[in-house]
Every structure is written in structure tokens, then in C-alpha cells.
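A quick write-up on the structure given underneath.
Read-outs throughout are calculated quantities, based only on the coordinates presented, and are distinct from any laboratory measurement. Note that the coordinates shown come from a computational prediction; the quantities given were computed from them, not determined experimentally. Methodologically, a virtual Cβ is constructed for each residue, glycine included, from the backbone with ideal geometry; neighbour enumeration extends over all protein chains shown.
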Amino acid sequence: MKNLETKKNKGLKLNFTILILFAIHLFSILIAFKTKDFQVNKYPFARILDSYLAISLFFNPIALSSLVKKVIEIEEKNNMWQMQISLGLKVQKILLNKIKTLSLKILLIQIIEWSLIIFLSSKIKNFNLEIDLIKRIVIYFLTTFSINISMLLLFTIIEIRSKKIYFSLFFSIVGAMSGIITMLTSKFLSQINPFGLFATILNINYVKDGEVFSETLNNINYLTLLISLFYIFLALIYILKNNKFRLSKEV
């Protein structure tokens, strides 16, 4: 099954899509690193991570939706669904294998990105790898990965339920915009919006002090990790229990 999935993914340019997302993330990381006041910033890791999370808020849903669309679309061509079902494979099993493959790719690229964030942060004299910072790194790395996986699962469900071929891409753009809107309007809505969760783990809060803004470090948000894991659980249950799949789409 693993070899079959690998063969089907050849030519889909999944790695190219991930590389584009990596380039966007890298741009956000370097922008934060190259700001004039970064060398004296009190929270170098938090500053870079916030730039990374802010750009992820908009671009990750679109990129993840594109990845899911590619791996589902290949099954809809040449009656691949029907052929595999006739061989005794269940749709749920096929979907979970696709999610696993994409999740491993996302995990690998995230490890590279976070290693770079930590490396660049360590170049600043105010960077101290203390227990609190290590805890923040671990919790937010897991949270970021969980958010990405929850969106992968959500787009998988949309792909297997929607009639229109481009609906999931449209939905991802609307979702990304909703994430930005809830970030600017309501902490509560950001906390429950699957597309607004990145905004809930931003590290730095800007407080106006006279004519200038001072930076304060937010407490670690553990709740977002729990919520994203809950969304993953719900999505997995839905996929495993659902027996109605739309295996073809209207153009």
C-alpha cells in the first residue's frame, strides 16, 4: 500500500508545493531577523516565531488545501477509487494513508523551519535557552503541527464530500480570511476557529507606553494544543465512521 501511494504521488508535484510554502515561511523568518531593532530585541525567538505564525495564518490553509486536492484528485481520475475498492481496499484506509504521507512531509519541513528559527534566534545576545523557553518551543512546535494536521483532515473531509472540483480551494481562502478577521476582532473566535488558531499562539503583546509601544511576552497557551488535538480526533472519527463518500466531482 505504501509503494502504491508513492507511485500515485509521483508527478503531483507535492514537494514543489511544500517547497513554495517553505519559501514563504523562510521569507517571513528572514524579514523578522533583518529588522533594525532585532539585534537588541528582548525576545528574539518570540519575534521570529510570531512572524512565522502570522504568515502561516493565511498561507498554510491554502497550501494544505492544495496538497489534499492533489492527492484526492488522482484517485478520481481513471476510476482509481473503484479499482482499489474492487481489490478489497476501504476508502477510509486509502484516505488515512494519504493523510499519513502528507503529515510526514509537513513534519519534516516544520523541523527544518523551527531549527532555523532557533538557530537565528541564538545569534542574538538576549537569547537564553532556559526551561521556560524550552517549554514554549516544545508546546508551540506540537501545537503548530497539530493545527496543520487538523486542517489537512478538514480539507480531506471537504474533498470527499463536495461536488465541485474547486470548492476546497475556495473554502481555504475564505477560511484563511476568517482567521485574519477573528485575529483582529475576537480572541474567543480565534480560539474556536480552526483557521484562527495560529493567532492564539502569538508570543508578543504590544502595549502602548506613552508615545512608544513596549513588548510583553504572553503566557504559553496550552489550550490551543488541546483544541487542535480535539479537532483531529473529531475529524478522524468522522472519516472512520463515515460510509458515504463522493468519489467524483462536477467540473
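³J(HN,Hα) across region 31-40 via Karplus (A = 6.51, B = -1.76, C = 1.60, θ = phi - 60°), whole Hz, x for Gly/Pro?
Calculated HN-Hα couplings, in order: 4, 5, 5, 8, 5, 4, 8, 5, 5, 10 Hz.
Based on the mean of other Cβ atoms within 10 Å per residue, sort peptides 86-98, 233-245 so the most packed one is first.
86-98, 233-245
If a paramagnetic tag sat 7 Å from the Cα of PHE233 along the Cα-Cβ line, which residues of region 148-192 would have the backbone N under 15 Å from that point?
Counting backbone N atoms under 15 Å from the label point, the list is 150.
Convert 37 °C to kelvin, take the viscosity as 0.692 mPa s, use the Kirkwood radius over C-alpha pairs of region 83-201 as Rh, and evaluate the Stokes-Einstein diffusion coefficient in µm²/s, rounded to a whole number.
Calculated translational D: 194 µm²/s.
Label points 7 Å out from Cα along the Cβ direction at VAL207 and ILE180: separation in nm?
Taking the two extended label points, one gets 2.9 nm.
What does the charge count around TYR222 come to, taking other residues whose C-beta lies under 14 Å from its C-beta (Lys +1, Arg +1, Asp -1, Glu -1)?
+1
Using 0.36 nm times the number of residues separating GLN92 and MET80, minus their current alpha carbon distance, what extension gain do you get?
2.9 nm
All other residues with a Cβ under 12 Å from the Cβ of ASN148 taken together, and with Lys, Arg as +1 and Asp, Glu as -1, what is their net charge?
My count for the surroundings of ASN148 gives 0.
Using a Förster radius of 30 Å, what is the FRET efficiency between ILE112 and ILE173 based on their Cβ-Cβ separation? Nearest 0.05, please.
0.70
In debye, nearest 20, what is the charge dipole magnitude of the chain about its Cα centre with +1 on Lys and Arg Cβ and -1 on Asp and Glu Cβ, if you could check?
With Lys and Arg at +1 and Asp and Glu at -1, about 1040 debye.
Taking N as the number of residues in region 103-148, what is its alpha-carbon radius of gyration divided by 2.2 N^0.38 Å?
1.23
Within region 57-155, how many Lys pairs sit with Cα atoms under 14 Å apart, leaving out pairs fewer than 8 places apart on the same chain?
4
How big is the Kirkwood radius of the chain, worked out from every pair of different alpha carbons and given in Å to one decimal?
19.4 Å
Report, in deg cm²/dmol and to the nearest 500, the calculated mean residue ellipticity at 222 nm for the chain, where each DSSP H run with n ≥ 4 adds -39500 (n - 2.57) and the sum is divided by the residue count.
-23500 deg cm²/dmol
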